[in-house]
Structures are given as structure tokens and as C-alpha cells.
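Before any comments, here is the structure.
The values are calculated or read from the model by the stated rules, or taken from the named source; none is laboratory data. Because the structure is predicted, anything quoted here is derived from the model rather than measured. Reconstructed Cβ throughout: ideal geometry from the backbone, glycine too, with neighbour counts over all protein chains shown. Keep in mind that these areas ignore ligands, DNA and RNA; they rest on the heavy atoms of the full protein, side chains included. Shrake-Rupley method; radii C 1.70, N 1.55, O 1.52, S 1.80 Å.
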Amino acid sequence: MHRVVNGLAQQSVDIVDTDRTVAPRLVELCRRAAGEGVVLLRNVDGVLPLPAHAPVAVFGRVQCDWFAVGYGSGGDVKAPYEVSLLEALREAGVAVVGELAAAYETWAAANPPDEGYWGNWPRHFDEMPLDAGLVSRASREAGVAVVVIGRAAGEDRESVLEPGSYYLTDAERAMLDAVVARFERVVVVVNTGNVMDLSWADDYGDRLAGLILAWQGGMEGSRGLVDVLTGAVSPSGRLTDTIARRYEDYPSAPNFGHRHFNNYAEDVFVGYRYFETFAPEAVQFPFGFGLGYATFELGAAEFSGGGDGDGDVAVSVEVRNVGERSGREVVQLYVAAPDGALGKPSRALVGYAKTAELAPGESERVSLMVPRAALASYDDGGATGHRSAWVLEPGTYTLYMGADVRTAERVGAVEVPELVVVEQLAEACAVDPEAPFRRMTVRRDGAAARVGWEDVPTRTVDLRRRILDALAVEIPVTGYRGVQFDDVAAGRRSMDEFVAQLSDEELEALTRGHGRMNSPLGAVGNAGVFGGILESLRAKGVPPVTCTDGPSGIRLSAYASLLPCGTALASTWDPALVRELAAEHALEMVRKGSDVLLSPGMNIHRDPLCGRNFEYFSEDPLVTGRMGAAVVAGVQSRGVAACPKHFAANNQETNRSKNDSRVSERALREIYLKGFEIVVKEAWPQTIMTSYNKINGVWAHYNYELVTTILRDQWGYDGMVMTDWWMQHSRDPHFPEVWDSAYRVRAGVDVLMPGSTVDGLRRGVDRSLLRSLAKGDGVRRGELQAVAGRVLRFVEVSRPARSGRGEGVEPDSRSAGIG
Ligand code: BGC
């Protein structure tokens with residue numbers, strides 16, 4: 001297996017533990033999730049599953065050098081083992097053509113891939129030149145060929161529109177040409193974490209009979225795939241992104257990847273919301289699509305629109321397996337909201353459910369409930385007469401149900417006679433008036449929709465006033481009065497009494513991590529430690545809290561399980577399974593000394609080139625939110641914490657810590673924040689990580705409106721917020737005596753991780769807080785105390801994990817009951 005161990009994990013290689021044991025239940029769940037995430041895109045004449053015992057010719061060096069995950073913090077897990085595809089096939093008893101397999105094994109061993117370094121990892125591995133004789137001998141031995149194409153992407157840079165990244169290399173083309181010329185039945189397996197161009201699949205007609213997106217399934221990924229290839233498991237993965245025929249057709253393409261800023265000009269028309277509205281013909285494989293070995297029929301749907309104007313929408317349908325093999329179906333429900341003052345996409349996912357495994361002839365009744373509010377749109381400019389509100393514009397809301405966005409059929413409609421204000425909010429994070437742009441909307445000529453453009457609404461809020469009106473009140477400082485942190489946890493003393501004792505230095509220390517990755521206060525190879533980072537805090541009973549990456553496993557110097565990547569998990573469309581996996585994984589966190597998993601990755605797949613898409617779930621906010629909630633609920637059911645990231649609009653890696661995501665408030669609310677909102681409201685993550693980028697001119701880690709107005713005041717989040725690693729220097733434009741960490745604290749971002757600023761080679765402690773505090777018009781002590789209180793509450797809530805390490809599983813009541 002070829003993944004680069006980068007950064008911190010390497011530093012302590014000589015003192016790592018050597019325990020490679022993994023809980024059998026976790027292994028089982030990893031394999032199941034990997035298999036269920038596999039998406040079968042084409043299966044002409046039932047070429048799959050592979051015929052039992054018949055020889056199979058496997059092409060492509062990736063069969064030996066399997067990509068188990070992508071690169072960077074989200075993939076850098078020291079897996080106890082990984083299994084190549086070739087090994088997994090042999091293990092399952094598949095009769096691979098021996099001469100061919102041996103040729104690949106010898107060549108791959110003699111030509112190991114160059115593993116690169118941070119931000120320069122290989123995006124593909126060079127292919128073995130194919131000898132015509134070898135192909136023809138293999139074709140005489142085997143009726144079916146499997147060709148494997150592999151790709152990787154990673155943090156800190158994008159995929160590129162070049163052969164070997166988004167496109168096939170000449171050598172891969174030549175391999176496909178040669179194999180398709182010789183074999184009548186060819187199955188192509190694409191082993192990638194990020195969507196790549198698949199248009200070539202259409203060039204080969206039906207001879208390319210099978211096409212599979214295997215994703216990067218972690219340490220059990222190849223076994224999960226082989227379960228599907230052999231038919232041990234019927235594929236039930238579904239696309240969580242649209243696959244277009246050409247990159248240029250993605251609506252983000254004209255604006256993606258710019259160095260300094262990115263206009264989100266496509267607005268809410270992201271992924272299928274764009275394609276289904278304006279360009280269905282540009283789609284090769286639609287959102288939600290995936291084949292299985294079973295065949296399902298949906299009965300007549302029972303629909304209830306909940307009366308006139310307020311009740312929930314309820315749809316129930318009988319799903320019957322009318323095929324000859326067992327399998328699972330994913331039922332998806334979409335809305336087409338009426339255009340009014342706000343342009344609406346032709347389809348938006350509002351619910352989905354996956355059946356249990358159904359045997360031939362078996363059926364299951366699937367019921368979906370959609371709150372009326374989930375059909376609403378956000379009016380950011382007052383076009384409906386209700387600025388900064390979620391509204392249901394009058395008209396017909398048609399609901400479509402089916403197995404993917406394209407084939408979903410009308411099941412009913414809700415009439416909204418007059419406009420309903422679902423929720424009145426206050427403007428936050430709107431576009432900077434200095435950086436306006438035109439955004440996409442829909443114009444209709446009769447039934448046909450065409451793209452229209454309109455000015456994006458811009459900011460009207462007096463932010464200085466908003467902040468001053470809500471400044472935290474100071475708790476009178478008492479000095480140490482003998483109140484220990486345990487007294488707070490046991491309910492004997494209040495948090496305020498504890499906080500009142502803290503010195504400015506202690507308050508300051510609670511607002512940042514220990515200072516560097518791999519802190520000596522935590523498990524070796526950790527990403528950072530916060531909480532009890534001073535001796536005096538520890539003496540009062542505040543323990544250090546250890547953070548580790550996420551999302552694909554626990555990134556430490558020690559061995560840790562490598563999970564399926566985010567896209568693979570999301571492709572299962574099975575939050576219950578993902579929750580179970582996360583809960584089992586959390587036991588490993590407890591065992592390995594991780595208090596906080598820096599996971600799930602929740603950014604939207606705005607563009608297929610984003611280097612970190614493999615860590616994230618989908619182009620759709622509902623899929624993202626439900627998967628994120630499943631991870632959080634699972635992890636936190638064991639007392640340890642999850643940390644959804646990167647809040648928000650971190651949709652590209654290019655110049656990621658300086659880039660400005662310029663995006664309308666509507667697109668933020670409906671697309672880029674929506675998944676986080678779902679996670680906050682359904683699973684109460686104990687902490688959330690801000691992103692590196694700016695949002696409409698303000699860095700996320702200084703963004704009062706993002707973190708205080710929206711997250712805390714509007715969504716009711718009372719947990720802790722941490723930065724992504726390091727931060728940018730900046731003075732608060734509204735308060736000249738407030739800068740850097742003082743600016744951050746004023747925004748409501750509690751903890752700077754890993755605890756220092758990024759400043760060339762100086763990674764020293766940031767002094768801005770105490771300096772600003774000393775100024776007449778600087779940050780106030782009450783603000784520091786409020787932050788310290790939130791950090792300490794975090795420590796209190798997650799305490800069971802630390803005290804029970806090695807045994808314990810105290811559920812956190814706040815995330816119990818999430819399905
Ligand atoms: C990444 C985060 C990660 C952190 C700690 C940052 O570079 O953006 O996702 O959790 O590093 O490794």
C-alpha cells in the first residue's frame with residue numbers, strides 16, 4: 001500500500017506503540033460500510049457479479065498498489081494493515097489469471113510509486129506497459145477482464161484537469177483499448193476518493209460492460225469491493241454527487257480555483273440543483289444513482305401534504321424486490337418548489353431511506369416524513385418582502401420519489417396558498433458591498449428553464465453595534481478560593497465560581513492549545529492539546545484534552561484503524577450504519593487516548609477538483625448533514641467528542657488560508673451551512689472547527705456573524721468552537737485595539753489550535769489577548785471568561801471518556817437517540 005506518512009506522525013516513530021489489534025466488530029463494520037458504499041454504475045447483461053470459479057484477468061497496477069485513502073491530515077492514519085485488491089480477490093477464492101497477476105506483482109515491486117511529500121503526493125501511479133501477448137494469453141484463459149484505475153487527491157492542493165488526475169493517462173487509455181479489444185466482457189473498477197472524468201466509459205460501448213466506483217474504502221476497502229464483485233453483497237451504494245460528461249459543465253467551473261477569491265456565482269444551483277434545472281443532458285450519471293443485483297419496484301405512494309399550509313409531508317411506499325437476488329434499495333424524495341420571487345432548483349432532496357436487505361419477493365414499507373419547513377427557501381435580499389427569513393412562497397410544491405434524482409416520479413403535491421414565513425432571522429455573513437457579483441437564478445420560458453443573473457444582495461448590518469450590544473458581562477474576579485474543577489463537575493459549586501478564581505494568564509491559556517502538534521501532554525502523534533495546558537490549571541483539576549485527526553481514522557503515531565473515506569461512507573446512504581461504525585470507532589479513540597476526533601469533514605462538494613472532497617460527503621446538504629450527524633452521534637455515544645469541520649465554505653484548497661469565499665447569504669443558508677445546521681440541531685457536536693478561508697471578506701476564525709450570530713444565537717449552539725490549525729494575523733476592522741486572538745475571542749471562537757499563530761518560522765505564543773485586555777478599548781475580561789466557561793464545560797461534558805479510558809463507555813445524553 002502506498003500512502004505517505006507525513007507531518008506529525010513521523011516525528012515520534014521510535015516511541016510508538018506496536019499494538020496492531022483492531023476490534024473484530026470494527027473490522028466487520030469497516031468492511032460492510034466499504035462494500036455498501038461501492039457504486040455500480042453500469043452492468044450490461046449482468047456481467048457482475050463475477051461468475052463463480054471462472055478465471056478473471058485483472059489489469060492495472062493499482063490491483064497491487066491499492067489506494068485505501070487520500071492524502072493529508074484526513075488520510076494519514078497508520079493503519080494496522082491494508083489489503084490490496086489482488087490479495088482480496090485471492091482471499092475470496094477468485095481465480096485470477098496467474099501469469100497476468102504475477103507480471104503485475106513483479107513489475108509493481110520493481111517500480112514502486114514515488115510517494116511524494118506534503119502537498120506533492122502522487123495523484124496516480126504509472127501504469128505497467130502492456131505486452132500484447134500477455135493480454136491475448138489472458139483473454140484465452142478468462143472470459144471477463146477487470147481493469148483497475150486508481151486516483152488519489154489530498155489536502156492543500158486540488159486535483160487538476162490533466163491526465164493522471166481528472167483525466168486518464170495515455171497509458172491507462174492504451175490499457176483499456178488493449179483489454180477491450182481482446183475481451184468481450186470488461187469491468188472497470190475506479191479506485192478513487194474524488195470524482196474523476198468517466199466520459200471515456202461511453203467510448204467503449206457495451207464491451208465496457210461493468211463500471212464501478214469503488215471509492216477509497218480504508219483498510220477493508222478492497223475486501224468490501226470484492227464482496228460486491230463476487231456477489232456476496234449486492235451493491236447498494238448511490239452517488240452523492242452528479243457525474244457530468246465534461247468538467248466544464250459543472251456550474252462552479254468558471255470560478256473555482258482562483259487564488260484570492262472565489263465568487264460562488266452559481267449560488268444555490270450546486271451539483272444536481274443546477275444540472276436538473278438547466279442542463280440534464282450534460283449528466284453522465286445523475287445524483288442518487290446506483291445499480292444493484294436486485295431489482296426493485298415501488299408501489300403506489302401514499303401521500304399526505306398535511307392539510308393547508310402547516311403540517312408535515314408524509315410519504316410512504318411499499319418497496320418490493322422483484323429480482324432474483326437479495327439487496328437493498330434507497331428511496332429518495334425530492335421537492336420541486338415553485339418559482340416566485342426566488343428562483344428555485346427543479347429538484348432538492350428532502351428525505352431518503354434505505355431498506356433492509358430484502359430477499360427476492362420480499363417487501364418493506366418505507367415512510368418518509370418531511371417537515372414543511374424543510375421545503376422553505378431563504379430570502380436574503382427581501383425579494384419576497386421578508387428579508388432574512390426562511391419562506392414558503394405560494395404555489396405548488398411537487399414531491400418526487402424514486403431511486404435517483406432523474407427517475408424520481410411525482411408522488412403528490414403541497415399547495416401553499418399564500419406566503420408563509422417559516423422563520424424570521426437576522427442578516428449575517430452577507431456579501432461585502434465592496435465585492436459584489438452577479439449570481440445565478442432561474443428564468444422560465446413556459447416550462448423551459450434558462451439561466452438568469454441578478455445582483456447578489458450585500459451586507460447592511462452595523463457589525464460594531466451588533467457586537468457591542470451583546471458583549472459578555474465580567475464575572476467579578478475572586479482569586480483562588482479553593483474551588484476545584486471536580487466540585488463543578490459534581491454540582492457542588494458553579495462554573496462561574498470556578499471561572500471567577502482564574503487569573504488572566506489562566507483565562508488566556510484556556511483559549512488556546514498547548515502550542516504545537518504532537519504535544520507532550522497528549523498521546524504521541526496527537527494533533528494538539530487544549531484545556532489543562534498550564535500546571536496551575538491542572539492543579540485545579542482541569543485535565544488536558546487531546547485532539548486527533550479524522551476523518552478516516554485516528555491520526556497518531558500508534559496504529560489505528562483506517563476507515564472508509566467520507567465520500568465512501570456517504571455513498572452507503574445509510575446513516576444508521578455510519579453511526580454504528582462511528583460508535584465502534586470511538587471505543588478505539590478511548591483505547592488510543594484521543595478525546596476529540598477532528599471529524600466529520602462536512603464541506604460541500606462544490607466542485608469535483610477540490611482536493612479534499614474524499615474527506616467530505618456530498619454535493620447535497622441533507623446527505624452531508626445526516627451523515628455528519630451519524631458520525632457525531634456515534635462518536636459521542638461513547639463519551640468522546642467529534643468535531644465537524646471546516647465551518648464553513650472551505651470548498652477549495654488553493655491558497656486555502658487566504659482565499660475569500662464570496663457567497664450569498666442564501667447559498668450559505670441553503671447549501672454551505674445547512675449540513676452544519678443539521679448536525680448541530682440533531683447531534684449536538686461538543687465542538688466545531690472553523691475553516692481556514694474567509695467568508696465574504698472575514699476569516700472564519702474571526703467571523704462573529706458566522707460563529708456567534710448564526711451558530712450560537714440563531715441555531716442555539718452552546719458548545720465549543722476551535723480554529724483550524726493556526727490562524728492569520730489581522731486587526732478587527734471595527735475595534736482598533738482588538739487583533740489576532742483578541743479578535744478571535746470577540747468573534748466567539750474559543751480555542752486557537754494548536755495554540756500558536758502562523759507567522760513564518762515564528763510559531764510563538766500569541767500575546768494579543770493579554771495585550772488587548774490591558775488596553776482601555778480592547779477585549780474585555782468578560783469575553784475571556786465566557787470563552788473559558790465554554791472550554792471548561794466541554795472538558796466537563798467529555799470527562800467520562802478520560803476517566804473511563806480503557807474501559808469506558810458513558811453515553812453523552814445530549815447525543816443519545818439520534819438515528
Ligand atoms: C486541516 C484540518 C486538520 C488539522 C489538524 C489542518 O491542516 O485543515 O482538517 O484537522 O490540520 O491536523
*Take A633 and decide whether it is open to solvent by less than 10 Å² (accessible area, probe 1.4 Å), away from the ligand (no atom under 16 Å from the Cβ), modelled with pLDDT of 95 or more and in the same structural domain as M727 (by TED's automatic domain parsing).*
yes
*State whether one or more residues within the stretch 554-575 are more than 15 Å from the ligand (Cβ to nearest atom), assigned by TED's automatic domain parsing to the domain that holds W725, on the phi > 0 side of the Ramachandran plot and touching a strand residue (DSSP E or B) at 6+ places or on another chain (Cβ under 7 Å).*
yes
*What is the number of the single condition among (1) surrounded by fewer than 21 Cβ atoms within 10 Å (Cβ to Cβ); (2) more than 33 Å from the chain's Cα centre (by Cα) that R516 does not meet?*
(2)
_What pairs come out if I take residues in the stretch 174-201 that are without any contact (Cβ under 8 Å) to a residue 40 or more places away in the chain and pair them with residues that are surrounded by 20 or more Cβ atoms within 10 Å (Cβ to Cβ) and among the acidic types (D, E) whose C-beta lies under 9 Å away, six or more apart or interchain?_
W200/E172
_Can you go through G525, G479, G452 and tell me which one is of a type outside the set (S, T, N, Q) and open to solvent by 20 Å² or more (accessible area, probe 1.4 Å)?_
G479
*Would you say G675 is assigned to a helix (DSSP H, G or I) and without any contact (Cβ under 8 Å) to a residue 60 or more places away in the chain?*
no
*Of everything in the stretch 655-669 that's open to solvent by 10 Å² or more (accessible area, probe 1.4 Å), within 16 Å of the ligand (Cβ to nearest atom) and touching a strand residue (DSSP E or B) at 6+ places or on another chain (Cβ under 9 Å), which residue is nearest to D432 (Cα to Cα)?*
K658
_Members of the stretch 366-402 found to be open to solvent by 40 Å² or more (accessible area, probe 1.4 Å) and either within 19 Å of V350 (Cβ to Cβ) or aromatic (F, W, Y) (or both), listed by number_ = S367, M369, P371, A373, A374, P394, T396, Y400
_Quick test for you: out of D267, D197, D206, pick the one residue that is open to solvent by 30 Å² or more (accessible area, probe 1.4 Å) and in contact with a helix residue (DSSP H, G or I) (Cβ under 7 Å, 6 or more places away or on another chain)._
D206
*Only one of (1) open to solvent by less than 70 Å² (accessible area, probe 1.4 Å); (2) assigned to a loop (DSSP other than H, G, I, E, B) fails for E418. Which number is that?*
(1)
*Can you pull out the residues in the stretch 636-654 that are more than 14 Å from the ligand (Cβ to nearest atom) and open to solvent by 10 Å² or more (accessible area, probe 1.4 Å)?*
S637, R638
*Please determine, by comparing only the residues of the stretch 209-223 that are of a type in the set (A, V, I, L, M, F, W, C) and either open to solvent by 10 Å² or more (accessible area, probe 1.4 Å) or outside any helix (DSSP H, G or I) (or both), which one is nearest to G193 (Cα to Cα).*
W215
*Any idea which of (1) out of contact with any Leu (no Cβ under 7 Å at 6 or more places or on another chain); (2) of a type in the set (D, E); (3) within 16 Å of the ligand (Cβ to nearest atom) is the one D206 doesn't satisfy?*
(3)
*asked:* Among the residues of the stretch 442-478, what is the count of those that are in a loop (DSSP other than H, G, I, E, B), in contact (Cβ under 8 Å) with a residue 24 or more places away in the chain and farther than 30 Å from P345 by Cβ?
replied: 8
*Would you point out which residue out of V179, V186 is under 27 Å from G46 (Cα atoms), assigned to a strand (DSSP E or B) and either more than 16 Å from the ligand (Cβ to nearest atom) or among the acidic types (D, E) (or both)?*
V186
*Residues in the stretch 676-724 that are open to solvent by less than 10 Å² (accessible area, probe 1.4 Å) and of a type in the set (G, A, S): how many?*
4
*Hits in the stretch 554-581 (condition: under 14 Å from the mean Cα position of the chain (by Cα) and hydrophobic (A, V, I, L, M, F, W, C))*: L563, C565, A568, L569, A570, W573, V578
*Among residues of the stretch 143-163, those that are surrounded by 20 or more Cβ atoms within 10 Å (Cβ to Cβ) and more than 16 Å from the ligand (Cβ to nearest atom), counted*: 10
_Output for the stretch 347-363, where each listed residue is open to solvent by 20 Å² or more (accessible area, probe 1.4 Å) and touching an Asp or Glu at 6+ places or on another chain (Cβ under 7 Å)_ = R347, K354, A356, P360, S363
*Kindly state which strands (runs of 3 or more DSSP E) lie completely within the stretch 270-385 and contain at least 3 residues that are modelled with pLDDT of 95 or more.*
283-285, 296-298, 313-321, 330-336, 348-354, 363-370, 377-379
*Could you list all residues from the stretch 707-749 that are within 16 Å of the ligand (Cβ to nearest atom) and either outside the structural domain of R781 (by TED's automatic domain parsing) or farther than 22 Å from D462 by Cα (or both)?*
M720, V721, M722, T723, D724, W725, W726, M727, Q728
*All but one of (1) within 16 Å of the ligand (Cβ to nearest atom); (2) of a type in the set (S, T, Y); (3) closer than 18 Å to D607 by Cα hold for Y672; which doesn't?*
(1)
*Could you list, in sequence order, the residues of the stretch 593-615 that are among the charged types (D, E, K, R) and within 16 Å of the ligand (Cβ to nearest atom)?*
D595, R612, E615
*Here are some residues: V226, V190. Which one is more than 29 Å from E281 (Cα to Cα) and surrounded by 20 or more Cβ atoms within 10 Å (Cβ to Cβ)?*
V226
*Among the numbered criteria (1) assigned to a helix (DSSP H, G or I); (2) touching a strand residue (DSSP E or B) at 6+ places or on another chain (Cβ under 9 Å), which single criterion is violated by K681?*
(2)
*Residues of the stretch 140-196 being out of contact with any strand residue (DSSP E or B) (no Cβ under 8 Å at 6 or more places or on another chain), basic (K, R) and closer than 28 Å to N603 by Cα, which ones?*
R157
*Which one of A279, A265, A244 is in contact with a Phe, Trp or Tyr (Cβ under 7 Å, 6 or more places away or on another chain) and over 19 Å from L668 (Cα atoms)?*
A244
